[in-house]
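The values are calculated or read from the model by the stated rules, or taken from the named source; none is laboratory data. Since we're looking at a predicted model, the values are computed, not measured. Glycine also receives a Cβ, built like all others from the backbone with ideal geometry; neighbour counts cover every protein chain displayed.
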Amino acid sequence: LGATSQDVLDTALMLLAHRALAPTIADLAACAAACAGLAGEHRLTPLAGRTLLQLAAPTTFGLLAAGWGAGLDRAGAGLARVRAALPVQLGGAAGTMAAWHPHAGSVLTAFAAELGLAEPPAPWHTDRTVVTELAGALGTAAAAVAKPATDVVLLAQDELGEVREAAPGSSSTMAHKHNPIAAVTARAAAAQAPGLVANLLAAAAPELQRGAGPWHAEWPSLIGLLRAVGGAASRLRTSLTGLQVDAAAMARNLARLDGVLDTGALGPAGDLVDRYLAGRPS
């Protein structure tokens, strides 16, 4: 009836993204809520700050968790904005909507309403900023997930022992181990995102009215990116839910700075946590 294969495929990908993003956004929100809970509970729990992986100056675990949560809140909000704007594609053979003239506008409006997607101002066969904006938001979400996942892995080391997942993984040969497996798998999934985002950016300059290769290259990369970021957010949710914090271990590690720094000088760390909690989206 006038639609071309790109209309079908682009619209299908937008529907797929719209549906896939819903649980990802929910998982990011749950992760952020877990961080807020940790931040409030441990707003004044002293923690050795570490820069370049070396002992630096005292901070609090609450402030660390607040930083995690702020990034997750921003990433989730960004994905929600992008999701709400995902458009249908309907341009016809060369993007002119000639097949529906003189009713092109009303057809486009009805098509978007029927599918529950946004109505674009014009066909976007070779304007791939819709895809790159989605890719950027997903890449940002991957980064927001990777940060707390990385910190949990580091803080759970036996040498530090400052946190522990509620359901750590075991080792097939080393029974003493309590692996932070949810954080590890969150990191693994998030680490796939940068390359997939780069693929989508590289494909964003198609030729004239129909891409000869770049458009086709988008499909596996976008699907893989949705899968990777969704998986990363889900695994981080598992890691942060019920995360066990060992304040005594934190105090012992911080004591290594006694005589070097005033380990009781936390500055306005608690106030910063309060500021973060007060500014969170309701």
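Among residues of region 103-129 that are of a type in the set (Val, Ile, Thr), those with a Cβ under 6 angstrom from a residue that is crowded, with 16+ Cβ neighbours inside 10 Å and assigned to a loop (DSSP other than H, G, I, E, B), sequence gap 6+ or separate chain, pair up as Thr126/Pro206.
Answer yes or no as to whether Leu134 is at pLDDT below 95 and within 28 Å of Gly195 (Cα to Cα). Against the criterion (at pLDDT below 95 and within 28 Å of Gly195 (Cα to Cα)), Leu134 does not qualify. Residue check: Ala99 meets all listed conditions (1) touching a residue at least 60 places away in the same chain (Cβ under 8 Å); (2) surrounded by 19 or more Cβ atoms within 10 Å (Cβ to Cβ) but one, namely (2). Summed over region 100-122, residues that are in a helix (DSSP H, G or I), in contact with a helix residue (DSSP H, G or I) (Cβ under 9 Å, 6 or more places away or on another chain) and not polar (S, T, N, Q) total 6. Looking only at region 133-164, residues that are of a type in the set (A, V, I, L, M, F, W, C), surrounded by fewer than 18 Cβ atoms within 10 Å (Cβ to Cβ) and not in a loop (DSSP other than H, G, I, E, B) come to 2 in all. The single condition among (1) at positive phi; (2) at pLDDT below 95 that Ser171 does not satisfy is (1).
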